[in-house]
Amino acid sequence: TVNTKIPFNESASLALLISKAKALDENGARIIYTVNNELAAAYKIRKAKFDGEAKATELEDKRAWQVTFKLVEVQSVSEREQQQLDEQATENAQPQASTSNDDVQNKFNEVEGP
């Protein structure tokens with residue numbers, strides 16, 4: 001959850017934030033953004049997408065909007081680590097024989113008997 005203030009004289013910033021919160025890709029899914037923030041970096045969050053709507057409330061006494069929105073982490077550190085492990089396991093895996101049943105059946109057919 002992000003809470004921030006945007007001054008009234010920066011209405012273009014508010015409009016940009018709201019448009020990003022509503023943006024969808026060609027499949028109708030929320031767009032994933034790279035997060036450049038020291039606090040997010042401390043939590044090792046690199047990519048996120050908006051969750052729900054961005055809400056703005058006027059703060060007349062401070063001449064600013066109080067803006068609140070939620071971000072959802074996409075592909076967390078643990079997910080990236082698991083993906084790398086899966087890729088390494090796939091590269092290192094030995095192919096298994098898939099014809100063993102056929103070999104047994106062929107040998108059975110070769111045997112003569114009653």
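The values are calculated or read from the model by the stated rules, or taken from the named source; none is laboratory data. Owing to the predicted nature of the structure, the values given are computational and were not obtained by experimental measurement. Cβ: placed from backbone, ideal geometry, glycine included. Neighbour counts: every protein chain shown.
Answer yes or no as to whether Lys5 is charged (D, E, K, R) and in contact (Cβ under 8 Å) with a residue 60 or more places away in the chain.
Spelling it out, Lys5 is indeed charged (D, E, K, R) and in contact (Cβ under 8 Å) with a residue 60 or more places away in the chain.
Here are the criteria: (1) in a helix (DSSP H, G or I); (2) free of Cβ contacts under 8 Å to residues at least 24 places away in the same chain; (3) surrounded by 12 or more Cβ atoms within 10 Å (Cβ to Cβ). Tell me which single one Ala21 does not satisfy.
Every listed condition holds for Ala21 apart from (2).
Please note which helices (runs of 4 or more DSSP H) are completely contained in the range 24-114 and include at least 1 residues that are out of contact with any helix residue (DSSP H, G or I) (no Cβ under 8 Å at 6 or more places or on another chain) and within 24 Å of Asn3 (Cβ to Cβ).
Ranges flagged: 38-42.
Is it the case that Ala42 is surrounded by fewer than 16 Cβ atoms within 10 Å (Cβ to Cβ) and at pLDDT below 95?
Yes: the conditions hold for Ala42.
Return the residues of the range 60-73 that are among the hydrophobic types (A, V, I, L, M, F, W, C) and at pLDDT 95 or above; say none if nothing qualifies.
Hits for the range 60-73 are Ala64, Trp65, Val67, Phe69.
State yes or no: is Tyr33 hydroxyl-bearing (Ser, Thr, Tyr) and within 30 Å of Asn9 (Cα to Cα)?
Yes; evaluated as a whole, the condition is true for this residue.
Let me spell it out: the conditions are (1) loosely packed, with under 11 Cβ neighbours inside 10 Å; (2) in a loop (DSSP other than H, G, I, E, B), and Asn9 meets all of them except one. Which number is the exception?
(2)
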